[in-house]
Structure formats: structure tokens, C-alpha cells
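One structure below.
Read-outs: derived from the displayed coordinates by stated rules, not from any lab. Quick caveat, the model's predicted, so the values are computed rather than measured. For neighbour counting, all protein chains shown are included, and Cβ atoms are generated from backbone atoms with ideal geometry for every residue, glycine included.
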Amino acid sequence: MNKNESKYFYTASLMNQALLQLLEKKDIELITVTEITKKAGVNRSTFYLHYDTVYELLEETLANTNRAFISSFQVQKFPTITTQKDAFLITEEFLVPYLNFCKEHKRLLQLVYQKPQLFQRKSTYQAMYDAIFYPAISLFVKEETQRIYTLEFFTQGVVGIIHKWIALDCKTEIPELIKIIKNCVGYSVS
């Protein structure tokens, strides 16, 4: 990477961070380019070198956040699901980094929940569905129609619990929340 590329990515990073900080205080609709550039310490012309709109910056910020989310897991790749034992997805190994990430980025996730029309990017989660959730559910549920509904119930249920946790300002401690999730999806809790 040459000096110009490095500077380009650095200023983009500053604007991503500025947007996240502003989202902590106000809704995306009320955030202006001027506020972003002032907080990032860059000129308006620099903003327009990178983005056409605040929503384009938001899209990039979400993409960067998704990359950070995936790298927060200690596993380097999705596990191979071949047995029912492999299919137990509600484990601390997966939930702790996920919940820590959610807690750290709760304002952004609240925005995603409040304004889902802004974030209709199912491709973000499609890889996890294809590599983890669908093969796991397939080991327990053989009939395709039932499998589709079971998968939806499972994933939406866990997401619903986490959404409520974020709405309650993540006050429940993560180990307690994991017990709640496990109880709700029928895992035995020791």
C-alpha cells in the first residue's frame, strides 16, 4: 500500500468512527456531512472524495463492523457440521464473542433494529446460514418445509432475545443471558 492509499483508508476510518460516535447521540437522519467531517477532522471535500451521502458512509461502516464481528470470533472459519454433537450452536465459544460484540456496538445494532429498511442486506448473514445454521438444523429436522420454519424460529428467537437485551442497555450479565438463551432454545443448563 502506498502513502496515498494509506491516507485514503485512514481518513475513511476517521469518518467511520465519527459516524459511530454521532450515532451514539442521534438518529442517522439528523446527522450531517458537516458534523461527520468536523468530528473526523477532515474537510467536506474529503468526505465527497469517499462518499456521495451519509448513507453510503453508513453502508461502509456496517461492512467494516461486520468484518470486525467475524474477526472477533476465535475460530478462523465456520465449523463443519456433520454430526448432531457438532450442531450445538448455542455454546459459550460462539455466544461470548457475539454478545461482547453486540454490547460494544449496541447503538449501531439498535439502529439496525429500528430502521431495518436501511439494512436489507441478507447476504451479510447468508454465509452463516449456509455453513452453520442450515446444516445444523438439517441433522435434527429432515423434512424441508419443517426445517425452514424451525430455522427461522431458532434464529429469530435468539435474535429477539439479544434485541431485548440491547434495548435494556445490556444490563443482564453475559453468562446469565447465555443461560436464558439456552433455556429458551431447549438446551439443558448446568
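Structure notes:
- Full-extension gain in nm, Ala167 to Gln17, via 0.36 nm per residue minus C-alpha separation: 51.8 nm
- Normalised contact order of the stretch 1-64, rounded percent, pairs of Cα under 8 Å and 6 or more residues apart: 38
- Among 180-186, 18-24, the order from most to least packed when residues are scored by Cβ within 10 Å on average: 18-24, 180-186
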